[in-house]
Amino acid sequence: MALNIQEQRPAGVDLRERGRDKSGNTLYLDARLFMQLQVFTGSDNAQLVADACARHELRGAVYVNVLDPYGVGVLAISEDEEYFAATLRAILQDDPFSHLKIRPEHALFGRTYAIGYESDLEEVLLKRPQRYVANPEWPWAVWYPLRRRGAFEELTSQERRTILMEHGGVGHAYGKADHAHDIRLACHGMDTSDNDFVVGLLGKSLYPLSAIVQRMRQTRQTSRYLSQMGPFFVGRAVWKSEYSG
């Protein structure tokens, strides 16, 4: 699905995601996932929410909100942005959601993206995030937005790369040990609070997800170049859609 065909470069601004194969050739893929988390309160039966999502064949997950005994979170996934403006909107206006109160301060909306070095764009942009969300062995989730300071963009490309490698190394270590697995989304211009990214941390238990956030505080990116993190949504899945890709 990934392309390495220079003559197919579109005219004008090139919005395709880019990666790089082992030979150093640039790869292109004009596809990405959109993910949205909507959080509600007023639910005394999360299973009704799960049943409704299953009935509507929603791709994603339903979480109970650990910080709200009447709270639920609905994570929806689609490659088509129209899905969120039409289909999902209609689902969330129907029962049982019509009897719940939405918590807009927890709403998250982002898109998968490539950083330019991935050798399998389809895996990174489309398959892996869905596989992570659907994994029944990782019921715990922490979702939150973050915003970088403008000073980060003033650094040289090499300085930014070094900082991101340090940050990414921590995530890789936790993932390799099966402690925590991350989903990173860009939300530039799609977030009511002007955040830059959405992060989802998924795992078998909650403590490692808290521990990786604590560890990340020590990295240069977090300690020097982030201006805002949160609010945090902490949930445990009561339902997940299946994914076999």
Return only the number of the condition from (1) in a loop (DSSP other than H, G, I, E, B); (2) out of contact with any Asp or Glu (no Cβ under 9 Å at 6 or more places or on another chain); (3) open to solvent by less than 50 Å² (accessible area, probe 1.4 Å) that Leu67 does not satisfy. (3)
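I'm trying to understand the selection: among the residues of region 88-127, which are free of Cβ contacts under 8 Å to residues at least 60 places away in the same chain, of a type outside the set (Asp, Glu) and either open to solvent by less than 50 Å² (accessible area, probe 1.4 Å) or in contact with an Asp or Glu (Cβ under 9 Å, 6 or more places away or on another chain) (or both)?
Here is the first cut: in region 88-127, the residues free of Cβ contacts under 8 Å to residues at least 60 places away in the same chain are 88-99, 115, 123.
Checking the rest, the ones that are also of a type outside the set (Asp, Glu) come to 88-93, 96-99, 115.
Hits for region 88-127 are Leu88, Ile91, Leu92, Pro96, Phe97.
With the structure loaded, tell me whether Glu137 is open to solvent by 20 Å² or more (accessible area, probe 1.4 Å), within 20 Å of Ala76 (Cα to Cα) and of a type in the set (Asp, Glu) or whether it fails that test. Working first, answer last.
Working: open to solvent by 20 Å² or more (accessible area, probe 1.4 Å): yes; within 20 Å of Ala76 (Cα to Cα): yes; of a type in the set (Asp, Glu): yes.
Yes: the conditions hold for Glu137.
Could you list all residues from region 214-245 that are open to solvent by 80 Å² or more (accessible area, probe 1.4 Å), assigned to a loop (DSSP other than H, G, I, E, B) and at pLDDT below 90?
Initial filter on region 214-245 (open to solvent by 80 Å² or more (accessible area, probe 1.4 Å)): 214-215, 217-218, 220, 224, 236, 242, 244.
Those left that are additionally assigned to a loop (DSSP other than H, G, I, E, B): 217-218, 242, 244.
Across region 214-245, the qualifying residues are Arg217, Gln218, Ser244.
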Say whether the condition of being surrounded by fewer than 16 Cβ atoms within 10 Å (Cβ to Cβ) and aliphatic (A, V, I, L, M) is met by at least one residue in region 169-191. yes
Only one of (1) open to solvent by less than 70 Å² (accessible area, probe 1.4 Å); (2) modelled with pLDDT under 95; (3) among the small types (Gly, Ala, Ser) does not apply to Ser23, and that is (1)
Here are some residues: Arg89, Arg55. Which one is of a type in the set (Lys, Arg), over 23 Å from the mean Cα position of the chain (by Cα) and either modelled with pLDDT of 95 or more or at positive phi (or both)? Arg55
Expected output for region 145-158 (first residue open to solvent by less than 50 Å² (accessible area, probe 1.4 Å) and modelled with pLDDT under 85, partner in a helix (DSSP H, G or I) and not charged (D, E, K, R), Cβ below 8 Å, 6+ apart or cross-chain) is Ala151/Tyr225; Phe152/Ile163; Phe152/Gln221; Phe152/Tyr225; Leu155/Ile163
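Under the condition of being out of contact with any strand residue (DSSP E or B) (no Cβ under 6 Å at 6 or more places or on another chain) and assigned to a loop (DSSP other than H, G, I, E, B), which residue from region 34-54 is least open to solvent (accessible area, probe 1.4 Å)? Walk me through how you get there before you give the answer.
To start, the set of residues in region 34-54 that are out of contact with any strand residue (DSSP E or B) (no Cβ under 6 Å at 6 or more places or on another chain) comprises 44-45, 47-48, 51-52, 54.
Restricting the remaining residues to those that are assigned to a loop (DSSP other than H, G, I, E, B) gives 44-45.
On the way: Asp44: 137, Asn45: 65 Å².
So, considering only residues that are out of contact with any strand residue (DSSP E or B) (no Cβ under 6 Å at 6 or more places or on another chain) and assigned to a loop (DSSP other than H, G, I, E, B), the one least open to solvent (accessible area, probe 1.4 Å) is Asn45.
The values are calculated or read from the model by the stated rules, or taken from the named source; none is laboratory data. Quick caveat: nothing in here was measured; it's all calculated off a predicted structure. Because the Cβ atoms are built from the backbone with ideal geometry, glycine has one as well, and the counts that use them run over all protein chains shown. SASA here: full protein model, heavy atoms, side chains in, ligands and nucleic acids out. Shrake-Rupley method; radii C 1.70, N 1.55, O 1.52, S 1.80 Å.
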